[in-house]
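The values are calculated or read from the model by the stated rules, or taken from the named source; none is laboratory data. Values in this document were obtained by computation on a predicted structure and should not be read as measured data. Positions of Cβ are backbone-derived with ideal geometry, glycine not excepted, and every protein chain shown enters the neighbour counts. The accessibility values were calculated without ligands, DNA or RNA, using every heavy atom of the protein model including side chains. Shrake-Rupley method; radii C 1.70, N 1.55, O 1.52, S 1.80 Å.
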Amino acid sequence: MKTITTDALIIGAGLAGLRVALACQAQGQQATVLSLVPAKRSHSSAAQGGMQASLGNSVKSQGDDETAHFIDTVKGSDWGCDQTVARMFAHVAPKAVRQSAEWGVPWSRIKAGPRQAVINGKTTTIKEAVQTHGLIHARDFGGTKHWRTCYTSDGTGHSLLYAMDNKAIAAGIEVHERVEALQLIHDGQRCQGAIVRDLVSGELIAYLAKTTTICSGGYGRLWSASTNALICEGTGTSMALETGLVPIGNPEAVQFHPTAIVPAGILVTEGCRGDGGVLRDVDGHRFMPDYEPEKKELASRDVVSRRMTEHMRTGKGVKSPYGEHLWLDITQLGAAHIDKNLREVKDICNNFLGIDPAKDWIPVRPTQHYSMGGIRTNEKGEAYGLAGLFAVGEAACWDLHGFNRLGGNSLAETVVGGMIIGEHVAAAAKQTDAPEEAVAVPHWHAVAAEIDALLQAEQGNDPYDLREQMEQIMMDKVGIFRTGTELEQAVVELEQLQRQASELKLHNRTRHSNPELVEALRVRKMLKLAVAVAKGALARTESRGAHAREDYPQRNDNEWLKRTMVHWRNDAAELSYEAIDISKMELPPGFRGYGEDNTIAHPDSAVRLAQVEQWQQQYPDATEQERQQALMPYELPTLLSQPNQRRGVGK
Amino acid sequence: MTGRTITFEIFRCDPQHPNDSARMQTFELTEAPGMTVFIALNQLRKEQDRSLQFDFVCRAGVCGSCAMVINGMPTLACKTLTSQFKSGKIKLMPLPGFELIGDLSVNTGKFMRSLSERLQGWLVPAGAERSFDAVEATMEPQTAEMIYESERCIECGCCVSACATAQMRDTFIGAVGLNKIARFTLDERDGRGPDDFYHVLGGDDGVFGCMTLLGCADACPKGLNLQMQISYLRRKLALNPDRII
C-alpha cells in the first residue's frame, strides 16, 4: 500500500479548495490538494457574472452594507438558510474581494462621471462620484437590494481562480492532478484521509492526513441538462454519504438557472439581465413584468425559472427541434457594452449558436445549475458524524443558501467559506496527532477489491446505460416543478438502478487509464446521491425556494422549517430532520415578496418578530455590535472579525 | 448536412501499454444537428470504443481542457462544430509539444504549472499587502481592462502547439509564457518590470526566439492579441537605455 502523508488533505482544487489550502499553509500546516483536473480547469473558472460583497462603492450601491447583504441572502434562501452562517458570510465577503484584489484579480473599476446603463428596459444615465473613481465596481443581480455584484467583465470566476491558483503555486502548495478520491479513511470516529486512484497510472494510494476537507463542487451532472462542468458529479459528496456516518443536508434543494442556451445547456450569466437584458416570448413580448411587476427579470432565480416554465406552459414558448425555449434579448445593451462586459456571452453565442447577441435574441430555458444541499457541516465547516472531516463550497451544506441561492453568492461562498473554514481546518490540523496507517488498510483493500471485481465481471449492467437512465429520470421527474406522483416513481426507479449498479460489466479491462472504469465507479456514487435527492424531494410536502411542489404550493413553516438530513444506511437512503430554531433568528420568517404570500406561518415567527422589534424600540441608540450581540451573536476567527471600512460611510 | 456520415480519423496510442504503438483509427458516425467534436467523441466512446481517451471539463470553451489538433489546427474540441467541415472528414491528433497521456489526452497541466514556477507567474506585490479591512487601493478602470484582456488566457496550449519555435526548442516559453509576463508587467500592483524577467525574456527562450510566424495568434481560441503582447515586451526591453541587447 503506497501512502502519502500530509497535514491537511483537500479534495478539489477549485476556489474553495485552494483557499483552504492557503489558509493552512499560512499557519504552517502542509496542505496537499487533490484534483481530477489541473486546478485552473476547475468549475470555479466557469462562473461569469460576479461575486457579491457589500463594498458600496458605486452610486447604485450607496447605502449597502453587511446587513443588507444578510437580509437579501436570508430572503433569497426562503428562510431555509442558517442565519448565523449568512451573517458570518456577509461580514467576510468584502474582505474576500479586497484580498483577492491584492492577489491580482483585475476587478472592473468605477469610472467617474456619467455613463449610460439600461435599467428596466430603458437607457438611463448614471453618474459616478469623483471620489469613487478607480474603486471596485458592482453590477446588478437578481434578488438584491443594491448593486452588489463585483465582477471582472464576465470572467469573474476565471480571474479569481487564476489569482488563487497562482498564489497557491507561489506558496509551493502541491496539487496532485488527475487523481480521484474514492473512499474516506476513518475508524468510525475520525476521518484520516482518503483512498485515491491515480487516473493515469491506475495506482491506488492512501493519503493520510490530520484533517480532510471536501471541496469537490456540486452534483449537477445527475441531470441530463445542466450548466455544470462534466466533473460536477457529486462524487466527493457521495463519498461522505457512503461512510454511513455523515449526512447530506437538503439534497432536494436544487437550483435551475433561468438562462442556459438551447440546446447546448451552456450558461449565459445573470449579468445579462443585471445589465439590462430582458426575457421575451414567442410573440416578442416581455412577459416577466406580467408575473413580477416589481422585480421583473431580476426576481430570484428560482422565481424567474418557474415563471418562464409557467409561461411556456401557456403556449408562449418558442418551438424548436430541441424542445421549447424563450428568448433573452440583450440587443439594447449595444455592441460596445457586450464587447467589454459580456465577452464570454458573445463567444458562447457565436461558437455554439452562430449568432451575434448584439443583434440577435438568444434562445434560453431554465436548466439545472446549483446544488444548495451537500455535506452537512456546522458553522465551522466541520462535517456532522466524523471528526476531522470538513466541507466547503458547493459540496457543503454549510447552509448559506437554504432553498435558493442568490446569483453571485456561490463564487463569494467559495472564497469566504475557504477563508473562514480554512482557519478552523488549520487549527484542527495543529491540534491533531499524526494519522495511523493501519486505519487505512481495510479501506485500501475495499477499494482494490471493488476495482478488481469490476475488471473481472463477466456479466452485469452497462454503466453508461444506467447513467443515462438516471439523468433522464432526474430531468423528467425531479425538475423545476415537482409532484408526489412523479417523485414516487423517481424514487422507485432510481432505487432499482442503484441496485442494478452493484453488478456492472466493463468492455475495457485496462487497469491504468480507463474511462469506462472511472464511469463505473462514479455511477455507483451518483445513484446514491440521486436517490437521496428524490427521496428528500418526495418527503418535503411544501414549496420552499427552488423546491416547488405543485401538489403542495405553500411554504409551510409550521411543519417544514427544518433541514432534511440523509444518511446512507443498509444500502438505502434514510431521512431525518434537523429543526431550524426560529427563536434564535435575527430575521424571523416573513414574506419573500414574490407572487402572493401563501405561507403557512409558524406560531414562533410572530413571537420572535415581536421580540426583535421590542429590543430595537427599547435600545434605539444601540451600536451595530450591541444589536448583533443581543439578537444573534456569532463568532468569527479573530483575523476575520474586524469591521469593514467603506468610502463615505466611515464604518 | 444533418444526417450525413462523418468519418473520424483518430490518433491512438497508449504509452503505458508496453506493446502499443501510435496508429490512426477510423470511426464513422451519423451527424446530428449542432454536433460538436465534444458530442461526437463522447458518442464514439459510449457506442464504439470504451478505451478512447480525451479530456473535456467545461464543454463551453472556458476551461482549456480539450485542446487538440483538428484537421491540422490546434483548437478547442468542445466548440468545434462538425458541420464546419464540408468534406465530412475529421482528423484528430493530440497537441504536439506536451506529454502524451493517451490518444487525444495530453498533460497540459504539468506543463503550465512548471512554466508558472519558472516564470514566477504570480503577483509579486510592489509594497506591503494592504489590510483587507480597509478600502481597496484604486486602479484606473482602463488598466484593469487591459490586465483582464491578457488574463483571458485559458492555458489550453494551442499557442504552444501552433508555434514553430516551441516545436524546435523545448525551453521556449511560448506565447502563453510571454503573455503571462506581459500581464504582470502591465499590473501596477506587481513590483517587477520587464528587466526582472530578463533572464528568460532577453534570449532565445523569450521574445527573441519568436519568429513572428503568428501561429499563436491564429490558433488562440480566445482571440488574444498575442503578437501585440510579444511586441510590447520586445519594445519594453529595447527601450531600456541601460541594457545592451
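Taking segment A:605-646 as the search range and keeping residues that are of a type in the set (D, E, K, R) and crowded, with 16+ Cβ neighbours inside 10 Å, which one is farthest from A:Ile136 (Cα to Cα)? Top of the filtered list is A:Arg608.
Residue count for segment A:71-126, restricted to those that are open to solvent by 20 Å² or more (accessible area, probe 1.4 Å), small (Gly, Ala, Ser) and modelled with pLDDT under 95: 1. Please verify whether segment B:51-58 includes one or more residues that are in contact with a Lys or Arg (Cβ under 6 Å, 6 or more places away or on another chain), facing chain A (nearest Cβ under 9 Å) and buried (at least 19 other Cβ atoms within 10 Å of the Cβ). Yes, there is a match, as at least one residue in segment B:51-58 is in contact with a Lys or Arg (Cβ under 6 Å, 6 or more places away or on another chain), facing chain A (nearest Cβ under 9 Å) and buried (at least 19 other Cβ atoms within 10 Å of the Cβ). Within segment B:91-110, the set of residues being open to solvent by 50 Å² or more (accessible area, probe 1.4 Å) and either free of Cβ contacts under 8 Å to residues at least 24 places away in the same chain or within 10 Å of another protein chain (Cβ to nearest Cβ) (or both) comprises B:Glu99, B:Lys110. Of all residues in segment B:1-29, those satisfying the criterion of being out of contact with any helix residue (DSSP H, G or I) (no Cβ under 9 Å at 6 or more places or on another chain) and not in a loop (DSSP other than H, G, I, E, B) are B:Thr5, B:Thr7, B:Glu9, B:Phe11, B:Arg12, B:Arg23, B:Met24, B:Gln25, B:Thr26, B:Glu28. Of the residues that sit in segment B:147-159 and are more than 8 Å from chain A (Cβ to nearest Cβ) and modelled with pLDDT of 95 or more, which one is nearest to B:Thr75 (Cα to Cα)? Result: B:Cys158. Kindly list, by first and then second residue, each pair from a residue in segment B:127-141 that is free of Cβ contacts under 8 Å to residues at least 12 places away in the same chain and at the interface with another protein chain (Cβ under 7 Å from one of its Cβ atoms) to a residue that is open to solvent by 30 Å² or more (accessible area, probe 1.4 Å) and polar (S, T, N, Q), limited to pairs with Cβ atoms under 9 Å and residues at least 6 apart or on different chains. Sorted first by the residue in segment B:127-141, then by its partner, the pairs are B:Phe132/A:Gln642; B:Asp133/A:Gln642; B:Asp133/A:Gln645; B:Ala134/A:Gln645; B:Val135/A:Gln645. Would you check if B:Ser83 is in contact (Cβ under 8 Å) with a residue 40 or more places away in the chain, in a helix (DSSP H, G or I) and farther than 25 Å from A:Leu466 by Cβ? Answer is yes for this residue. Can you report the number of residues in segment B:152-202 which are charged (D, E, K, R), over 20 Å from B:Thr212 (Cα atoms), touching a residue at least 60 places away in the same chain (Cβ under 8 Å) and not in a loop (DSSP other than H, G, I, E, B)? Looking only at that region, the number is 1.
The set of residues in segment A:100-114 being at the interface with another protein chain (Cβ under 7 Å from one of its Cβ atoms), closer than 15 Å to B:Leu123 by Cα and touching a residue at least 12 places away in the same chain (Cβ under 8 Å) consists of A:Ala101, A:Trp103, A:Gly104, A:Pro106, A:Trp107.
Note on segment A:146-168: residues that are out of contact with any Asp or Glu (no Cβ under 6 Å at 6 or more places or on another chain) and surrounded by fewer than 23 Cβ atoms within 10 Å (Cβ to Cβ) total 2.
Once segment A:457-480 is narrowed to residues that are in contact (Cβ under 8 Å) with a residue 40 or more places away in the chain and loosely packed, with under 15 Cβ neighbours inside 10 Å, the residue that is nearest to the other protein chains (Cβ to nearest Cβ) is A:Glu468.
The residues on offer are A:Ser583, A:Ser502, A:Ser513, and the sole one that is surrounded by 22 or more Cβ atoms within 10 Å (Cβ to Cβ) and either at pLDDT 95 or above or in a strand (DSSP E or B) (or both) is A:Ser513. Within the span defined as segment A:38-45, every residue fails to be in a loop (DSSP other than H, G, I, E, B) and open to solvent by 20 Å² or more (accessible area, probe 1.4 Å).
Number of residues in segment A:57-81 that are polar (S, T, N, Q) and either within 30 Å of A:Asn558 (Cβ to Cβ) or in contact with a Pro (Cβ under 9 Å, 6 or more places away or on another chain) (or both) equals 3. The set of residues in segment B:111-126 that are at the interface with chain A (Cβ under 7 Å from one of its Cβ atoms) and crowded, with 16+ Cβ neighbours inside 10 Å comprises B:Met112, B:Arg113, B:Ser116, B:Gly121, B:Trp122, B:Leu123.
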